[in-house]
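*Asks:* Would you mind keeping the following structure in view while I ask a few things?
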Amino acid sequence: MVKVKICGITNAEDALLAVEAGADALGFIFVENTPRFVTPEQVAPIIRRLPPFVTPVGVFWEHARGHVKAVAESCGLRALQFHGDETPEDVAGYDLPVIKTVKLPPATTIEGLPEYRVGELVQVLRYRAVAAAMLLDTAVRWSEGEAREPIEWRLAGMLGRGRARLILSGGLTPDNVARAVAVVRPYAVDVNSGVETHPGKKDPDKVRRFVAQAKAAL
């Protein structure tokens, strides 16, 4: 069964809603000047309320190693996600599992057949030795609440076959996640704006439907 991460959690109500819906992981974005930025002081009490088998993930963007470690320790994070242009050397050597984001263009902008694109495969292979999982997301920067176009799912599926644990993200919603899972067959799916009423606030019905659709897909 596919795992589900609900990202962009900013408050305890949404965290507990996601847990009740069956989410396996919650994402907390520690990237300044983004719509869902949270501080360690906000996140620590939320994490203390989580059940033992729900993983709190901290999202970082080219932050200094010391800063990442300090935030992780103060909050009780159990995994780290790096969303910027960090090198394999930048994300190696942490005591916690690392998720590295690889950004792909939206499906409608890809020219030619996905099977002939090698740049993205090279990116995945570069991080395979240091990352517990690779997260495939759209190259579009943080959503301000608008709909995001999904990435090319056939390309995503080819990147993961036999090479790495893939977490599929980018433009997923309760209405398309089952199809995405069937095509890509990822280790996990990740959603943020696709289950919100507005940036930083989750929609209970969308969260529940997203988790249910994702987990029933295979």
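*Asks:* Out of region 1-55, which residues are under 13 Å from Gly200 (Cα atoms), in contact with a strand residue (DSSP E or B) (Cβ under 7 Å, 6 or more places away or on another chain) and acidic (Asp, Glu)?
*Replies:* Matches in region 1-55: Asp14 only.
*Asks:* Say we look at region 94-107 and pick out the residues that are at pLDDT 95 or above and over 14 Å from the mean Cα position of the chain (by Cα); which of these is surrounded by the most Cβ atoms within 10 Å (Cβ to Cβ)?
*Replies:* My answer is Leu96.
*Asks:* On the basis of being within 28 Å of Ile151 (Cα to Cα) and either at pLDDT 95 or above or basic (Lys, Arg) (or both), does Leu17 make the cut?
*Replies:* Details: within 28 Å of Ile151 (Cα to Cα): yes; either at pLDDT 95 or above or basic (Lys, Arg) (or both): yes.
Considered against the rule, which asks whether it is within 28 Å of Ile151 (Cα to Cα) and either at pLDDT 95 or above or basic (Lys, Arg) (or both), Leu17 comes out as yes.
*Asks:* Just to be sure before I move on: is Leu159 free of Cβ contacts under 8 Å to residues at least 60 places away in the same chain, surrounded by 16 or more Cβ atoms within 10 Å (Cβ to Cβ) and touching a Leu at 6+ places or on another chain (Cβ under 8 Å) in the structure I sent? Show your work before the answer.
*Replies:* Numbers: free of Cβ contacts under 8 Å to residues at least 60 places away in the same chain: yes; surrounded by 16 or more Cβ atoms within 10 Å (Cβ to Cβ): yes; touching a Leu at 6+ places or on another chain (Cβ under 8 Å): yes.
For Leu159, the condition - free of Cβ contacts under 8 Å to residues at least 60 places away in the same chain, surrounded by 16 or more Cβ atoms within 10 Å (Cβ to Cβ) and touching a Leu at 6+ places or on another chain (Cβ under 8 Å) - is met.
*Asks:* Just one of (1) closer than 19 Å to Ala217 by Cβ; (2) of a type in the set (Gly, Ala, Ser); (3) modelled with pLDDT under 90 trips up Gly145, so point out which.
*Replies:* All conditions are met except number (1).
*Asks:* Is one or more of the residues making up region 166-174 part of a helix (DSSP H, G or I) and touching a residue at least 60 places away in the same chain (Cβ under 8 Å)?
*Replies:* In the first step, residues of region 166-174 are kept if they are part of a helix (DSSP H, G or I); the result is none.
No, every residue in region 166-174 fails to be part of a helix (DSSP H, G or I) and touching a residue at least 60 places away in the same chain (Cβ under 8 Å).
*Asks:* Is there any pair linking a residue in region 196-216 that is without any contact (Cβ under 8 Å) to a residue 60 or more places away in the chain and over 18 Å from Val38 (Cβ atoms) to one that is of a type in the set (Val, Ile, Thr) and part of a strand (DSSP E or B), with Cβ under 9 Å and at least six apart or on different chains, and which?
*Replies:* If the second residue must be of a type in the set (Val, Ile, Thr) and part of a strand (DSSP E or B), the pairs left are Asp203/Thr197; Lys206/Val191; Lys206/Thr197.
*Asks:* While we're on this one: Give me the residue from region 1-51 that is in a strand (DSSP E or B) and of a type in the set (A, V, I, L, M) and, out of that set, nearest to Leu166 (Cα to Cα). Reasoning before the result, please.
*Replies:* Keep residues of region 1-51 that are in a strand (DSSP E or B), which gives 3-6, 25-29, 37.
Among the residues that remain, those that are also of a type in the set (A, V, I, L, M) are: 4, 6, 25-26, 29.
On the way: Val4: 12, Ile6: 16, Ala25: 15, Leu26: 17, Ile29: 20 Å.
Here the residue is Val4.
*Asks:* How many residues does region 176-218 contain that are in a helix (DSSP H, G or I) and either of a type in the set (D, E, K, R) or over 12 Å from Leu17 (Cα atoms) (or both)?
*Replies:* Number satisfying all stated conditions: 20.
*Asks:* Can you work out which of the residues in region 57-93 that are over 26 Å from Ala139 (Cβ atoms) and assigned to a loop (DSSP other than H, G, I, E, B) is nearest to the chain's Cα centre (by Cα)?
*Replies:* Filtering region 57-93 down to residues over 26 Å from Ala139 (Cβ atoms) leaves 66, 69-70, 72-76, 78, 93.
Then keep just the ones that are assigned to a loop (DSSP other than H, G, I, E, B); that gives 76, 78, 93.
Values: Gly76: 18, Arg78: 14, Gly93: 21 Å.
Among them, the one singled out is Arg78.
*Asks:* Restricting to region 52-79, give me the number of residues that are out of contact with any helix residue (DSSP H, G or I) (no Cβ under 6 Å at 6 or more places or on another chain), surrounded by fewer than 16 Cβ atoms within 10 Å (Cβ to Cβ) and either without any contact (Cβ under 8 Å) to a residue 12 or more places away in the chain or not acidic (Asp, Glu) (or both).
*Replies:* Of the residues in that region, 8 qualify.
The values are calculated or read from the model by the stated rules, or taken from the named source; none is laboratory data. Please read all numbers here as calculations on a predicted model, not as lab measurements. Neighbour counts run over all protein chains shown; Cβ positions are idealised from the backbone, glycine included.
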